[in-house]
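The next block holds one structure in the form of structure tokens; read it before the comments.
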Amino acid sequence: MKFFKKLIRGIVVAFFASTILSVVALRFVPVFFTPLMFIRCYQQLKEGRELRLSHHWVSIDRMSADMPTAVIASEDANFLSHHGFDFKAIEHAAKRNMKHPEKRKLGASTITQQTAKNVFLWPGRSWVRKGFEVYFTVLIELVWSKERIMEVYLNSIETGEGIYGVEAVSRDNWGLSAEQLSKAQCALIAVTLPNPRKFSSKHPSAYMLKRQKRIMLEMKFVKSLPESKAQK
């Protein structure tokens with residue numbers, strides 16, 4: 001019995017030590033690979049498709065200043081003011097989902113939560129994965145700045161089939177670097193984020209173009225990211 005208690009204690013200590021060290025390290029070190037990238041590669045091979053993985057890490061000061069603004073307007077309007085969780089958005093989503101259970105579930109994940117999932121976890125909706133997501137979200141908000149969270153997010157998000165990050169999708173779509181993106185292109189990339197394997201910023205649908213205009217309008221009311229080049 002004592003052996004099992006020590007074993008469990010050792011596992012718990014190892015888990016917290018390794019995860020905290022990982023979050024601290026990734027405050028400074030670029031994220032070159034994520035669990036989702038490996039999962040997508042496995043799916044491609046399993047389905048007999050051509051293996052594709054396009055990802056190019058760039059620092060946030062080498063991205064268009066409109067890119068963070070676009071994703072805040074699209075994905076997380078309160079990103080600069082919350083501490084990882086937008087409780088008003090969670091309440092709104094819960095009420096809407098209860099009132100209209102027949103419609104597609106409305107989510108309320110913040111950019112920090114999405115970053116935690118992208119970098120440390122796997123896709124899914126289980127309570128176990130959600131619990132880990134909460135844990136990593138709290139850690140990230142404690143250790144990383146908002147600018148760092150945004151930098152990692154914009155480099156790790158899935159932006160197309162086998163494409164990850166804004167630099168890769170910029171090159172693939174328009175032959176441009178992320179730094180050269182226009183406001184309209186940033187908004188179009190933001191439109192795809194809820195479902196980047198369905199929505200293509202390279203070949204936008206009428207719905208996407210309509211949503212793009214809405215995001216560009218909302219971008220006017222988004223505050224600049226702290227310490228970003230938008231303020232330099």
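Condition check for residue 178 on (1) within 13 Å of residue 74 (Cβ to Cβ); (2) touching a Leu at 6+ places or on another chain (Cβ under 9 Å); (3) in contact (Cβ under 8 Å) with a residue 60 or more places away in the chain: one failure, at (1).
So is residue 217 in contact with a Leu (Cβ under 9 Å, 6 or more places away or on another chain), surrounded by fewer than 18 Cβ atoms within 10 Å (Cβ to Cβ) and outside any loop (DSSP other than H, G, I, E, B) or not? It is false that residue 217 is in contact with a Leu (Cβ under 9 Å, 6 or more places away or on another chain), surrounded by fewer than 18 Cβ atoms within 10 Å (Cβ to Cβ) and outside any loop (DSSP other than H, G, I, E, B).
Give 128, 119, 143 a once-over and let me know the one that is farther than 25 Å from residue 220 by Cα, out of contact with any helix residue (DSSP H, G or I) (no Cβ under 8 Å at 6 or more places or on another chain) and open to solvent by 10 Å² or more (accessible area, probe 1.4 Å). Talk me through it step by step, then tell me what you get.
Working: 119 fails: out of contact with any helix residue (DSSP H, G or I) (no Cβ under 8 Å at 6 or more places or on another chain); 143 fails: out of contact with any helix residue (DSSP H, G or I) (no Cβ under 8 Å at 6 or more places or on another chain).
Only one candidate qualifies: 128.
Scanning for something among the aliphatic types (A, V, I, L, M), surrounded by 13 or more Cβ atoms within 10 Å (Cβ to Cβ) and within 20 Å of residue 122 (Cβ to Cβ), does the range 26-35 turn up at least one residue?
Quick first cut of the range 26-35, residues among the aliphatic types (A, V, I, L, M) only: 26, 29, 31.
After this cut, where a residue has to be surrounded by 13 or more Cβ atoms within 10 Å (Cβ to Cβ) as well, the list is 26, 31.
Retained after the next criterion (residues that are within 20 Å of residue 122 (Cβ to Cβ)): 26, 31.
Yes, the range 26-35 has at least one match.
Filter the range 170-190 down to residues that are part of a helix (DSSP H, G or I) and open to solvent by 10 Å² or more (accessible area, probe 1.4 Å), then give me how many there are. Before the answer, list the steps.
Step one: filter the range 170-190 for residues part of a helix (DSSP H, G or I), giving 170-174, 178-180, 183-190.
Keeping just the survivors that are open to solvent by 10 Å² or more (accessible area, probe 1.4 Å) gives 171-174, 179-180, 183-185, 188.
Here the count works out to 10.
Scanning the range 83-101 for residues that are surrounded by 14 or more Cβ atoms within 10 Å (Cβ to Cβ) and hydrophobic (A, V, I, L, M, F, W, C), we see that the one that is modelled with the lowest pLDDT is 93.
One residue alone among 151, 161, 167 is touching a residue at least 60 places away in the same chain (Cβ under 8 Å) and surrounded by fewer than 18 Cβ atoms within 10 Å (Cβ to Cβ), and that residue is 161.
How about the range 1-53: which of its residues are among the aromatic types (Phe, Trp, Tyr) and under 15 Å from residue 118 (Cα atoms)?
Kept after step one, since they are among the aromatic types (Phe, Trp, Tyr), are these residues of the range 1-53: 3-4, 15-16, 28, 32-33, 38, 42.
The answer is 32, 33, 38.
Restricting to the range 189-221, name every residue that is in contact (Cβ under 8 Å) with a residue 40 or more places away in the chain, within 15 Å of residue 173 (Cβ to Cβ) and not charged (D, E, K, R). Across the range 189-221, the qualifying residues are 189, 190, 191, 193, 200, 201. Being among the polar types (S, T, N, Q) and over 15 Å from residue 165 (Cα atoms) is the filter; apply it to the range 37-54 and report the residue that is surrounded by the most Cβ atoms within 10 Å (Cβ to Cβ). For the range 37-54, the residue satisfying everything is 44.
Of the numbered criteria (1) closer than 26 Å to residue 59 by Cβ; (2) open to solvent by less than 50 Å² (accessible area, probe 1.4 Å); (3) modelled with pLDDT under 95, the one residue 202 fails is (2).
Looking across the range 55-82, the residues that are open to solvent by less than 40 Å² (accessible area, probe 1.4 Å) and either on the phi > 0 side of the Ramachandran plot or among the small types (Gly, Ala, Ser) (or both) come down to 59, 64, 65, 70, 73, 74.
As a summary of the residue check, residue 224 satisfies the conditions (1) in contact (Cβ under 8 Å) with a residue 40 or more places away in the chain; (2) among the hydroxyl-bearing types (Ser, Thr, Tyr); (3) not in a loop (DSSP other than H, G, I, E, B) except for the one numbered (3).
The values are calculated or read from the model by the stated rules, or taken from the named source; none is laboratory data. Source: prediction; values computed, not measured. All Cβ positions, glycine included, derive from the backbone under ideal geometry; neighbour counts span all protein chains shown. With ligands, DNA and RNA removed, areas are computed over all heavy atoms of the protein, side chains included. Shrake-Rupley method; radii C 1.70, N 1.55, O 1.52, S 1.80 Å.
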